[in-house]
4 protein chains.
Amino acid sequence: MTHRWPIRVYYEDTDLAGIVYYANYLRFIERARSEWLREMGFDQAAMKEAGTVFAVRRIEADYLAPARFDDLLTAETTLAAATPARLTLDQQVRRGEALLFRAAVTVVALGPAGRPVRLPAGLASLPNPARDG
Amino acid sequence: MTHRWPIRVYYEDTDLAGIVYYANYLRFIERARSEWLREMGFDQAAMKEAGTVFAVRRIEADYLAPARFDDLLTAETTLAAATPARLTLDQQVRRGEALLFRAAVTVVALGPAGRPVRLPAGLASLPNPARDG
Amino acid sequence: MTHRWPIRVYYEDTDLAGIVYYANYLRFIERARSEWLREMGFDQAAMKEAGTVFAVRRIEADYLAPARFDDLLTAETTLAAATPARLTLDQQVRRGEALLFRAAVTVVALGPAGRPVRLPAGLASLPNPARDG
Amino acid sequence: MTHRWPIRVYYEDTDLAGIVYYANYLRFIERARSEWLREMGFDQAAMKEAGTVFAVRRIEADYLAPARFDDLLTAETTLAAATPARLTLDQQVRRGEALLFRAAVTVVALGPAGRPVRLPAGLASLPNPARDG
């Protein structure tokens, strides 16, 4: 039930400390969320055409160890909880087995007016650890 | 005791949803932390030369309302707690009075080997709400 | 006739080589173009609402010397040539007198369908070295 | 002799115009250069440890058509010319057959003091259209 996506660290991702700049982990896990959605058959470009986009409402993130230039990382995405209105994802970035970054990410859907709308059918009914045990 | 720093929203900060991309708030508040340190007399470039850099250990962030292209925002930085090893900052991004983004950010200092070191003298002894009430 | 805008170099702008990442100079000079337009009274947010955005068609850029963390730079913008359809700007990034980066940037305006449209009134009639000598 | 690398367009790459932000093409083609070097056996992380990094000296870039969110692009890298001190690469970004972006990129190598050094053995002796016809 965990989706995995490879992330290579390029020059653009690093800062003068020689490690990945802290904001860029949020770019990495957004790529992983997009690929997780794609794998489940969601077409975000078509959703956007129809006026719906996903938005992050809350993040709790721990930076545990640094990633470095040229590292090949894995971004892991696991559904932690879902309601009709919001998803919480557990997203981890690893180098091999080593856990470098972990975030709990709460996502909602926004409609054409920028107001929260129900999540697309299919997302709220995903197997849901918080509900299904 | 709250430091304020203006942030203009440019094309680079927005995404196709027409609002500021969520990772970019972390860039905004890092600029504000750098300017807060500068105002207190810390020279991060000299610190880096001497082998010390700041690193973020944890972020809890709430995205409350979107910022848009060309907005003139204010990033506010307030010390929430300090120990010899770590600072916690309350950082808020506002448009006028409206609160758009708020984060609790835990910062440590890393020495030449990338290991945690004591915070620079002066930082741990800042007026400290958690300690001084 | 040269517009100047200050740019501070933050962590986000650097890479592991300890200098400003090459793509970020394009962010710097876009900020400078936006501020140059603002100073002349153009409201890009209102233009965007009305369906017009600026787009870059061509860049010739020379990287002459590196900018470093915490540098306070100046981005200079000078109109080099204008037609009803396109502007060419000379944009320079300096640290003090030292020239670090220089680009010739060709800009067009795009209408609601993403097609090129005439530049907003006022831009094509700016004092124009290529035409006015 | 042309190296190809896939690039997916994510939220982070777009701006409020709904297309890829112009500076981000430079991130795309830097990824492609890094993968081109990797394929030829160059280890940029080891080079960096040894004090050598690549730096871009000049770019001539044409923006021909926009890339959009969720596009799957191909970044193509072809050696155009080489001397002991510098490479010129022809780098193109395509969506299917359509050419969206094209740049001539001049790259040098910098040594520990940030001064230009000879390119790594193997690079200057690559098959070289400008020299070999």
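Taking the criterion of being away from every other protein chain (no Cβ under 14 Å) and touching a helix residue (DSSP H, G or I) at 6+ places or on another chain (Cβ under 9 Å), would at least one residue in segment D:119-129 satisfy it? There is at least one residue in segment D:119-129 that is away from every other protein chain (no Cβ under 14 Å) and touching a helix residue (DSSP H, G or I) at 6+ places or on another chain (Cβ under 9 Å).
One residue stands out among those in segment C:73-103 that are charged (D, E, K, R) and within 10 Å of the chain's Cα centre (by Cα): the one that is nearest to D:Arg57 (Cα to Cα), which is C:Asp90.
Restricting the search to segment C:1-38, which residues are assigned to a strand (DSSP E or B) and out of contact with any helix residue (DSSP H, G or I) (no Cβ under 6 Å at 6 or more places or on another chain)? Of everything in segment C:1-38, those that are assigned to a strand (DSSP E or B) and out of contact with any helix residue (DSSP H, G or I) (no Cβ under 6 Å at 6 or more places or on another chain) turn out to be C:Arg4, C:Pro6, C:Arg8, C:Thr14, C:Ile19.
What residue, among those in segment A:59-80 that are touching an Asp or Glu at 6+ places or on another chain (Cβ under 9 Å) and surrounded by fewer than 17 Cβ atoms within 10 Å (Cβ to Cβ), is farthest from A:Leu123 (Cα to Cα)? Top of the filtered list is A:Glu60.
The residue that is farthest from the chain's Cα centre (by Cα), among those in segment C:23-72 that are acidic (Asp, Glu) and at the interface with chain D (Cβ under 8 Å from one of its Cβ atoms), is C:Asp62. If the condition is being away from chain D (no Cβ under 14 Å), small (Gly, Ala, Ser) and in contact (Cβ under 8 Å) with a residue 40 or more places away in the chain, then segment A:73-92 contributes A:Ala80, A:Ala81, A:Ala82.
When every residue of segment D:93-102 is checked against the conditions, at least one turns out to be in contact with a strand residue (DSSP E or B) (Cβ under 6 Å, 6 or more places away or on another chain), within 12 Å of chain C (Cβ to nearest Cβ) and closer than 25 Å to A:Asn24 by Cβ.
Residues that are in contact (Cβ under 8 Å) with a residue 40 or more places away in the chain, over 22 Å from A:Val9 (Cβ atoms) and of a type outside the set (Ser, Thr, Tyr) occur at least once in segment D:49-57.
Looking across D:Leu119, D:Leu100, one residue alone is crowded, with 17+ Cβ neighbours inside 10 Å and in a strand (DSSP E or B). It is D:Leu100. In summary, B:Val108 fulfils each of the numbered conditions (1) in contact with a Pro (Cβ under 6 Å, 6 or more places away or on another chain); (2) part of a helix (DSSP H, G or I) with the single exception of condition (2).
Which of the residues belonging to segment A:12-36 are modelled with pLDDT under 95 and either surrounded by 22 or more Cβ atoms within 10 Å (Cβ to Cβ) or within 16 Å of A:Leu79 (Cα to Cα) (or both)? A:Asp15, A:Leu16, A:Ile19 - these are the residues of segment A:12-36 that are modelled with pLDDT under 95 and either surrounded by 22 or more Cβ atoms within 10 Å (Cβ to Cβ) or within 16 Å of A:Leu79 (Cα to Cα) (or both).
The values are calculated or read from the model by the stated rules, or taken from the named source; none is laboratory data. The shown structure was predicted, so the numbers you read here are calculated from the model rather than taken from an experiment. Here the Cβ is made from the backbone with ideal geometry for all residues, glycine too, and neighbour counts use every protein chain on show.
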